[in-house]
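These notes are about the structure you will find just below.
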DNA sequence: CAGCCTCGAGTTCT
DNA sequence: CTCGAGGCTG
């Protein structure tokens with residue numbers, strides 16, 4: 001709670017952002033106390049004061065509205081679905097180790113990175129890795145205010161109402177506790193409870209859950225929290241969202257978390273050597289089935305926090321922790337056939353058709369074989385008995401073949417040289433792993449997959465346009481090119497008479513199509529399905545060219561390899577010569593330009609919004625990033641800064657306004673300090689962005 | 001030029 | 001989730 005309230009016009013941007021985020025959190029907390037628990041903690045007048053100050057700040061700094069903007073929230077409990085929660089610090093995943101060697105290497109890497117002498121002991125806290133779902137719990141003044149799922153790591157779902165029903169989750173922490181703390185942990189279900197639950201469901205004719213993990217996940221995502229309350233969910237805490245305690249070690253933090261009122265994941269052990277670690281691993285592995293819950297491995301975390309901080313993160317996972325996985329459950333089955341699938345780009349993908357077999361609680365009947373090299377490497381033949389597992393316990397994978405049980409007359413698999421769908425030649429380019437059909441849109445598979453990509457969730461997101469319908473309409477020549485989708489309303493009468501299509505479903509489909517007649521430029525570019533242009537690249541192009549016309553003109557001009565337009569395209573960060581070739585190549589085909597113009601005549605394509613830099617704190621400023629950023633990639637940081645109207649430069653000079661310093665920053669940070677340039681650490685930078 | 005990181009494109013099953 | 005490929009960094 002703010003001790004004193006500074007005048008709004010005296011606040012700088014960072015202070016205002018922090019103030020607003022804080023107020024939003026407090027308001028959310030009191031909303032919950034009032035509406036959900038019928039136990040208001042402050043007077044109405046005090047509550048109104050919070051809201052008034054928040055509104056005043058919002059007027060002064062509209063661009064700083066936090067994600068959980070109370071002014072945007074209608075009521076407390078969402079009517080349908082869950083609201084989103086942005087994680088202040090992303091919830092990352094762990095790197096995996098599959099062998100003893102991987103673990104030894106993990107320890108060596110840490111030693112090398114920290115430059116430790118041989119005789120220095122590395123302590124690790126080892127814990128079982130329970131197969132559940134991770135969850136973040138935010139406590140303000142010791143009271144639980146928000147619970148969120150991991151989601152994609154950056155944004156999760158608000159499941160507070162459901163979590164409030166769980167016995168293992170304290171609603172109040174046992175003092176002493178920090179003003180604000182985020183505890184992260186795992187929600188799971190014991191095996192016995194899972195079996196009992198399934199028996200009940202079976203008796204009442206409900207669908208049974210495949211495994212405890214699914215049962216826990218399904219229970220947490222209930223819209224009616226009385227259902228969640230009836231499920232035997234458990235929770236243990238294992239980490240904090242950010243460091244707020246004085247604990248210097250993981251082991252001590254475990255004690256603190258337990259003191260606050262949480263259960264811990266046990267059995268754990270403090271290990272001092274790699275041999276200790278492996279000993280623990282093998283011990284747990286042998287006890288695995290005696291534990292009350294399912295685990296898929298164990299986790300090792302470096303004990304000392306100061307070393308954790310120095311190590312930081314690579315990509316999306318910490319360098320100071322690793323998950324040592326148990327061997328995935330495997331099964332043997334017969335490979336009945338190898339089917340060739342043709343994708344949207346013409347890629348021929350061999351897929352194994354398997355005699356159905358249960359692996360890890362799921363019946364598997366197909367598995368990708370990736371490409372012909374992969375098949376040759378493993379010498380996989382039709383009729384073989386193959387061993388399969390589910391990679392990361394999800395995607396089925398053929399590990400190998402039992403050659404002793406192979407039929408004498410079996411022959412190696414030969415990849416077809418022609419497309420199985422259209423008969424066109426299928427070519428493997430020099431140095432490439434995939435073979436592609438050259439039929440283009442003549443190939444029915446490519447044509448249909450192309451349209452499917454166009455309507456997919458991440459492109460035009462037209463609901464009710466699945467593979468079946470797209471294929472049907474394409475085959476009957478009602479839809480041949482993407483623009484035909486938007487002329488489908490002219491076929492209403494014909495559609496309604498089709499088998500399997502009622503008046504209602506046609507109505508729904510047409511409405512879904514109309515809802516997408518207006519689309520953002522980046523989605524539009526992505527939907528075109530240009531080779532190598534995915535969501536990220538489409539965004540880059542939209543941001544660079546702003547409007548469809550500007551982009552179209554530039555690409556037409558870029559047909560000449562030496563043109564300025566071509567150089568302009570290649571000057572975009574992340575776009576090199578090869579990608580430029582594919583993008584410009586798309587426009588070399590008159591048919592593609594026709595399709596594009598035809599679409600443009602049916603649609604409203606929103607130009608890329610030049611960021612409203614009018615109010616932005618970073619407008620016209622020059623920013624330099626240095627060191628390893630942990631919460632976002634460099635490209636992401638750059639994009640965000642540019643969206644706020646900033647210029648991102650590569651080196652520090654007197655003209656630089658801000659330097660954002662990540663881990664292991666070198667000379668740039670020193671130079672910035674020497675020049676007296678504003679230096680922001682990553683935390684401040686992220687806190688600012690989190691509120692925008 | 002190697003080693004990285006990120007992106008795209010493919011995939012399974014509920 | 002995994003693989004391969006393209007682009008950037010040092």
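Some points to look at:
- Label point at residue A:467 placed 7 Å out along Cα→Cβ; residues across the range A:343-387 whose backbone nitrogen lies under 19 Å: A:343-357, A:363-371
- Distance between the range A:317-360 and the range A:451-519 - C-alpha centres, whole angstrom: 32 Å
- Pairwise Cα inverse-distance average, inverted: Kirkwood Rh of the range A:357-468 (Å): 16.9 Å
- Overall Cα dimensions of the range A:520-606 - principal axes, largest extent first, Å: 33, 25, 20
- When the range A:125-240 is reduced to its Cα atoms, the Kirkwood hydrodynamic radius in Å: 14.9 Å
- Ranked from largest, the principal axis spans of the Cα set of the range A:103-325 equal 63, 42, 31 Å.
- Cβ crowding within 10 Å, taken as a proxy for footprinting-reagent exposure, orders A:324, A:567 from fewest neighbours to most as A:567, A:324.
- Over the range A:402-492, equivalent-ellipsoid semi-axes from the Cα gyration tensor in Å: 36, 16, 13
- Hydrodynamic radius by Kirkwood, which averages 1/r over all alpha carbon pairs of the range A:330-405, in angstrom: 12.5 Å
- Neighbour-count ranking [beta-carbon atoms within 10 angstrom, fewest first] of A:101, A:582, A:193, A:168: A:101, A:582, A:168, A:193
- Coarse-grained scattering of the range A:443-516 at q = 0.16 Å⁻¹, given as base-10 log I(q)/I(0) from a Debye sum over alpha-carbon atoms: -0.50
Every read-out reported here was derived from the displayed coordinates using simple, explicitly stated rules and does not represent laboratory data. Every value quoted in this text rests on a predicted model; they were computed, and no experiment measured them. Here the Cβ is made from the backbone with ideal geometry for all residues, glycine too, and neighbour counts use every protein chain on show.
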